[in-house]
Structure formats: structure tokens, C-alpha cells
Amino acid sequence: MLVRDTIANAVAAALEKANQDGVISVDSVPDIEVERPNNAEHGDFATNLPLRLARAARANPLQLAQLIAERIESSPEIESVSPAPPGFINFKLSESWLQQQVEAVRAAGDSFGASDIGAGRKVMVEFVSVNPTGPVHVGHTRGAVLGSALANTLAAAGYEVTREYYINDAGSQMEAFYRSVWTRYRQALGHDAEMPDNGYQGDYIADIASEIIETDGDGHLAKRDAAAVREIGDVAREKMVALIRDDLDAIGVGFDNWFSERRLFQNPDPSQSDYERAIARLREGGHLAERSGALWFISTALGDERDNVVVRSSGEPTYFASDIAYHYNKFAERGFDRVIDIWGADHQGHVPRMKAAVQALGIEPENLTVLISQMVTLKRGDETVRASKRTGDFVTLRELVDEVGTDACRYFFLARAPSTQMEFDLELATRESSENPVYYVQYAHARNASILNLAAERSIDYGAGDVSLLTHPNELELIRTMLRLPELVVQVAENLEPHHLPHYAMELATAFHHFYENCRVISANPDDNDMTLARLKLVAAAQVAFRRTLTLMGMSAPDRMDRD
């Protein structure tokens, strides 16, 4: 149990006792919020429950705090409980309990920070999911990193997590992509061919065409235009999906499933496809209407601003229809308890109608959460980086990784809430100094590792180290900072806010640097041997916290780094 939950339970028990004693009278109790005070002098935790209860209890909030505080039972975790104006109860953790947590963290190892709040519930995180018409660009990369770190943290919180990439391999954009490759294929073989008006212009299209020529030669030229486009399109799509997969692998983003949009329309019995089943469910619920030969979803009846076409008058399903079928598949066919979609800023307006569709399918709309990843601006000094020759109009994930590295990509994209626009400073991301937060955090881990490596070289066995010797303020502050990770895992899982992870990593690194600078770990003085062993235990525990934090963010934990 988290310390804050232990405190909340103790406060609840004390309030109940005060009620039983007749010194307080309240009919209902709000959720007991236990938080860390902004001012460390106020203690490790605090609750404002007396302030929130004062009106209902018809009591002075400070007196209420006193009545509750004096009934809180002692526990190994808490050293002191004190009321504070205007109506808070402050808690200070026991120093002896803090010291023992060094042993607990070391014992937990790779499971440190794990929680069971997810209770094995099935959660899908669907992210990136760009059309396979071009490489992943910088904007998509932000959503990729967000989804990856969020999925890692949800798994650590006890959820059964599935990471999924939805391959939008149907529709007009894919047709334009196929025809673009077909045009470059013909041109490369010396034939006149004009690029479609909505064609894709990047050099990567010509590269794909050249690869097809290397394997297939000019064999596709003998076929009719439509047949050739279909054949080349199938090959080009697979090559592009493979390229996207490789690019995402370069930043440590992997998926459990790559789900093809085409699957929604495929079934030995066409009437039983996911698409037809979803449409049938909407029709049975009275959510569809025929207008001017098209089929409309009556989303205004469910709170959306306007109704939306699901089947055009030509009989062709819209993208929205595919999305409805896809979410039907997620919830009704595969049985996910919760679905988290991460979309780009250009899809923000699509959220209300998707929520309405899920509701119309008979699914609780609260079970679908859509996170919007806002735009990214690349900067190099004062210069804005706008374009790439390879794609024609955007900088690719691969180009970014080649310039700044995987860890910088992941850290910087995680460091801002996805709902805010961000500037990615390329110069800062490659700077090897404490000004670069990636370097600062990883250097702290490298320092940590160097101490443990030195202990190993000198055959120092610190297993019998006495953690009760850890009384220096910087030692205790490092322990306190380490113990925030389990709270953070729960917070990220509950609020879907992985951007707190890099900020915590900075706080952990700062606490470790301060400890390193003020507490000599391995002393040459034999009289300091007991302290050396105790501090080595603390360093080993800190290494656990570092590695768990970096792993959740999808970053590496280097044991050695150069420094200017």
C-alpha cells in the first residue's frame, strides 16, 4: 500500500472515532485527499480534510484538525502528526521507517514501483496509426513516445495492456499512394507518366518504385493499369509498413498487434464482418437514417454538433464508418475493458462523434479515452526546421533519431503534456552538459553505476550494511525521492499523464547528485567502513529507482558517460 493511502486510511479511522466520541458530527465524508506539501517544512504529507469538512461539521477548521489529529493512531511510517492553520493536518515520516525502505527498494528490484490497481483489466493503447503512405514524421513521433511510455506505466500498474497500430490501408489516400508509386515505377522504366493531382511527391516514393524494379523488373508494365496499380500497391504497402515498423523500432516503440483496416470488411460470410455487425447494431438502435441516397449516423441525438455520413451515396463507407467498425471490434469482439486512442491534433474534431458512436454501439463512452497529441516545432538555435528533401514537406522520425538519438527523442517528447504545443530544441538535445536534461539524468545513473563498479572492483560486500546510519539530510532526501516512484506510477495510470515521468527523473537525478556531492560513499578511512557499507546500500537502491524510471520512459541506463 502507498504511504499516502496508509495515511488516508488512518485519517478516515480517526474521523470515525471522533464521530463515535461525539466531538464531531458529519453525515457524509468527502474523499480524503493526501498530498505532498509544496513547503517541505510542513512535513512529508498533508490533508486539507478539516477545511473541507468545517461547514458540514459546523466547527472551526483548525479545531477540527486538532480533534482528528489527536485520534490518529501511531504507525511505523509516521513520526509525527500535527494540525496546522487554517485547517490542515501535516504528517512527517519516521526516519527509521525511511531508512528501512532502502532494503525494501533493493528487495523489490525490477518490480519496484509496481501496483495492482489495474487488477488485470484489459486495456488497449492504440497509437501512431498513420496511413502507410509515407514515413513516420516528427509529429507522429510525439504520439509514438507518449503511447509507448503510457503503455509501459499501465502495465506496471497491473493492467493487461495491448499496444496496437491500426493500419489505415483502405480508402482514397491509399489509392493515391498506390498510383504515385505506379507513376514513379513507369517513369523509372523510361515511360511517360504524370503524377496524380493528389499524389505523394517525396523521394521515398521513387525509392519504393526502384526497389520494386530490382525484384520484379518491368513485369508490371504488361498488365492493365488497374491490375498493375493493385499489384504494385500491395507490394508498396508492405514495404511502407515495414519501413514504419523499422523506424519505430529505432526509438524503442513496439506493438503487440498491427491491425489492418481491411480486416474489418473481411469474413467468409460478408454479412458477419465487423463492419456489417457494427452497422447492424447502429441500425437496430435507431441511430441511422437514409438521406439523399447516403446513410447517416444521427450523432446529434447523442450530443454531437452535427450528424455524420457513414456510407456515401456511391455505397462506399467513409473513414468514420471504418472507425466505428474498428471500435466495435475492440470492445464487442475482443472484449477490452478500456480503450485509449492517441490521435494527432488534426483529429481533435473527430472525438465527439467517436464518443457518440461508441455510446450508440451500447458501450459506455467513458471506456474510450482519446488523447490528442499537439503539434511539434523543430528548432535549431533560432532557426525553425521545416522540411526534408526525402519527404518533400516534413522531417522524418529517422532523421530526428539520426541527429539527436533515441533517448533524447523519448525524453523531450515526454517532457510536455501532449495537450500543449511544443518546441523541440535540437541543439539542446545533443548538448553534453547538465543543461541537457537527458544528459543530466543519465549522468546521474552513470555516477551511480561507477560507485557500484568501484565497490565490486575492491570486493566490498555491503550486504550487511546498517541502513540506520543513513541520517544525513541528503541521504534521507534521496530516499524520500525514490519512494515517490510508486505514487507516480499510480498517478500516471489514473490520469494518463506520462509527462510526469521525465520531471520525476530530473528530481531523482538532482537528489542523487546532491547526495554524491555531500556524502562520500567509499572512504579510504577504515573507521568509516560501516558508513561506506550503508551508503553503498543506498546507492544500490537508487540504481533500482533510476533503472525503473528510465525503463518506464523507454530510455537506456548507461553505466558510463563522458563529460565536458
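No lab work stands behind these numbers, since they all come straight from the coordinates. None of the values given here were measured: they were computed from a predicted structure. Using ideal geometry, Cβ is built from the backbone for each residue, glycine included, and neighbour counts are taken over all protein chains shown.
Tabulated values for the structure
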| quantity | calculated |
| --- | --- |
| Overall dimensions of the range 107-152 as given by Cα atoms, namely Rg and Dmax in Å | 15.1, 48 |
| Footprinting exposure proxy for V23, V395 (fewest neighbouring C-beta atoms within 10 Å first) | V23, V395 |
| Relative contact order of the range 53-100, pairs being alpha-carbon contacts under 8 Å that are 6 or more residues apart, as % | 32 |
| Between the range 83-104 and the range 296-345, the Cα center-to-center distance that results, in Å | 50 |
| Percent of Cα-Cα distances greater than 22 Å, calculated over the range 157-282 | 49 |
| Spatial separation of Cα centroids for the range 526-562 and the range 385-459, in angstrom | 21 |
| For the range 499-507, Karplus couplings with θ = phi - 60° (6.51, -1.76, 1.60), whole Hz, Gly/Pro x | 5, 6, 4, x, 5, 5, 4, 5, 5 |
| Volume per residue that the Cα convex hull of the range 279-381 spans, once the total is divided by residue count, Å³ | 136 |
| Cα-centred dipole magnitude for the chain, charges only on beta-carbon of K, R (+1) and D, E (-1), debye, nearest 20 | 720 |
| Neighbour-count order for T430, T183, T406, T549, fewest beta carbons within 10 angstrom listed first | T430, T406, T183, T549 |
| Spin-label pair E435/D21, simplified geometry with 7 Å Cα→Cβ offset, distance in nm | 5.8 |
| Whole-number percent relative contact order across the chain, with pairs defined as alpha carbons under 8 Å at least 6 apart | 15 |
| Area projected by the alpha carbon convex hull of the range 507-557, averaged over all directions, nm² | 3.8 |
| Whole-Å semi-axes of the ellipsoid equivalent to the range 395-466 (Cα gyration tensor, √5λ, descending) | 35, 14, 10 |
| Rounded to whole Hz, the Karplus (6.51, -1.76, 1.60) HN-Hα couplings of the range 98-110, x for glycine and proline | 4, 4, 5, 5, 4, 5, 5, 5, 4, 5, 5, x, 5 |
| Rg to Rh quotient for the range 437-553, alpha carbon positions, Kirkwood Rh | 1.00 |
| Fully extended contour minus Cα-Cα distance, from E33 to S271, at 0.36 nm per residue | 80.5 nm |
| Ellipsoid equivalent to the range 222-263 - semi-axes via the Cα gyration tensor, in Å | 28, 12, 4 |
| Debye intensity ratio I(q)/I(0), log10, the chain, q values 0.07, 0.11 Å⁻¹ (C-alpha model) | -0.56, -1.11 |
| Residues with amide H under 5 Å from that of F259, placed H, sequence gap 5 or more | Y165, Y166, I167 |
| DSSP beta bridge pairing in the chain, given as percent antiparallel to the nearest 5 | 50 |
| For A157, distant residues with modelled amide H under 5 Å away | S115 |
| Residues K355, K92, K239, sorted so that the one with the fewest Cβ neighbours within 10 Å comes first | K92, K239, K355 |
| Hydrodynamic radius (Kirkwood) for the range 3-93, which is based on Cα pairs only, to one decimal in Å | 12.8 |
| Cut-off under 5 Å, modelled amide H: who pairs with L288 long-range | I298 |
| Note, ³J(HN,Hα) from phi for the range 32-45, Karplus 6.51, -1.76, 1.60, rounded to Hz, x at Gly and Pro | 8, 9, 10, 10, 8, x, 5, 9, 4, 5, 7, x, 8, 9 |
